1. How much of the accessible area of the chain, in percent, comes from carbon and sulfur atoms when a 1.4 Å probe is used?
2. Please work out the Kirkwood hydrodynamic radius for region 7-124, using every pair of different C-alpha atoms, and report it in angstroms with one decimal place.
3. So the label point goes 7 Å from the Cα of Thr4 along Cα→C-beta, right? Which residues of region 95-128 then have their backbone N under 20 Å from it?
4. Per 5 Å bin, what percent of the C-alpha pairs of region 110-171 does each bin hold, from zero upward?
5. Would you mind telling me which residue in Asp129, Asp22, Asp102 has the biggest mean-square fluctuation in a Gaussian network model of the chain, where springs connect alpha carbons within a distance under 10 angstrom?
6. Mind checking which lysines have their C-alpha under 18 Å from Lys15, skipping anything on the same chain fewer than 8 residues away?
7. Provide the FRET efficiency to the nearest 0.05 for the Ser94-Thr57 pair, computing r from the beta carbons and using R0 = 25 Å.
8. Multiply the residue separation of Arg136 and Glu20 by 0.36 nm, subtract the distance between their alpha-carbon atoms, and state the gained length in nm to one decimal.
Amino acid sequence: MTETNRRIVLLRHGKSEWSEADDHERPLADRGRKDAPAAGRRLAGSGITPDLALCSTALRCRETWKLAAAELPERPRTVYDERLYEASLGELISVVNEVGDDVRDLVIVGHNPGVHALADALAGEAEGDLLPRMNRSGFPTCSTAVLAFSGSWKEVEHGVARLAAYWSPHV
């Protein structure tokens, strides 16, 4: 069996409004509506063409993905997964392990602390100073991390990937 090169793009939702609304239904703030398309343009410029996007069902994640995906040359198949809302590191790894091997590049749109924990846990190595820079930043809203690895999604576990890129609109 040949090794397949794969990438996981982790995108934290944009800055959201703090309101009396239920946490799950909080919308993006003006800054989030501005940053999400910038994250999409950054992804489009990276040359990564996602095959699948897994997005939290929270309103701020759905809005972030809609704005970011509009900047891509082609919108990938998108699945809104309620398990991504408030997901722990272990839950996120389980979701990734379920991805079919027909997917080469995956986008996950989710929340902190889970998204940051997943990026940190998977990154067994990193380009240059990306890992300390990502960890110092705390993975602010609309940040993206790109992790590359070889093999099957079922094999994704701690330390299996290389942090290939990290970007944040405000760091």
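The values are calculated or read from the model by the stated rules, or taken from the named source; none is laboratory data. These numbers were taken from a predicted model, which means no experiment stands behind them. When we count neighbours, we look across all protein chains shown, and the Cβ atoms used for this are built from the backbone with ideal geometry, even at glycine. Heavy atoms of the whole protein, side chains included, go into the accessibility calculation; ligands, DNA and RNA do not. Shrake-Rupley method; radii C 1.70, N 1.55, O 1.52, S 1.80 Å.
1. On the way: 3890 of 8040 Å².
Reported share for carbon and sulfur atoms: 48 percent.
2. On the way: mean 1/r = 0.0701 Å⁻¹.
Final number for the Kirkwood radius of region 7-124 is 14.3 Å.
3. 95-109
4. 4, 20, 32, 25, 13, 6, 1
5. Asp22
6. Lys34, Lys66
7. Values: r = 17 Å, r/R0 = 0.67.
According to the calculation, E is roughly 0.90.
8. Numbers: separation 116, 0.36 × 116 = 41.76 nm, distance 3.09 nm.
Computed gain between Arg136 and Glu20 is 38.7 nm.
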